[in-house]
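K.L.:
Sharing a structure below in structure tokens format, with a few things to ask.
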Amino acid sequence: MKFCSCLVFAVFFLTAVLLIAISLRNADNCVFYKLCTVQSTKVQLKQQLWQRQLQWERLTNPAAVSKRLEP
């Protein structure tokens, strides 16, 4: 009788450990996906910022300004 109860406890314990491991793995995958999405967005925003900076420098370049002012 004691062996049977130990076996049942071991099976329940092992099942609980495996369910927790699966849950943690799913959470890890979710966090990894969010991290990749955020990093991708960050790169896109940096590229947009660089493009805007180049546009601004083109507009404020003294040579470009003088060309626009000349008739």
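K.L.:
Just one of [x] 2.74; [y] 1.09; [z] 1.34 is Cα Rg over 2.2 N^0.38 Å as worked out from the coordinates here. Which one is it?
P.N.:
The value computed from this structure is option [x].
K.L.:
Evaluate the charge dipole of the chain about its Cα centre and quote only its size in Debye, nearest 20, assuming +1 on the Cβ of each Lys and Arg and -1 on the Cβ of each Asp and Glu. Please report the intermediate quantities before stating the final value.
P.N.:
On the way: 9 positive and 3 negative charges, 27 e Å.
The dipole magnitude comes to about 120 debye.
K.L.:
Summing -39500 (n - 2.57) over the DSSP H runs of n ≥ 4 in the chain and dividing by its residue number, what mean residue ellipticity at 222 nm do you reach, to the nearest 500 deg cm²/dmol? Walk me through the numbers before you get to the answer.
P.N.:
Working: 2 runs with 67 residues, N = 71.
When only DSSP H runs of four or more count, the value is -34500 deg cm²/dmol.
K.L.:
Also: Angle, helix 2-60 long axis vs. longest principal axis of the chain, Cα atoms, 0 to 90°, nearest 10?
P.N.:
0 degrees
Each reported figure results from applying straightforward, stated rules to the coordinates on display, with no laboratory input. Bear in mind that the values here come from a model prediction, so they are computed numbers and not experimental data. All Cβ positions, glycine included, derive from the backbone under ideal geometry; neighbour counts span all protein chains shown.
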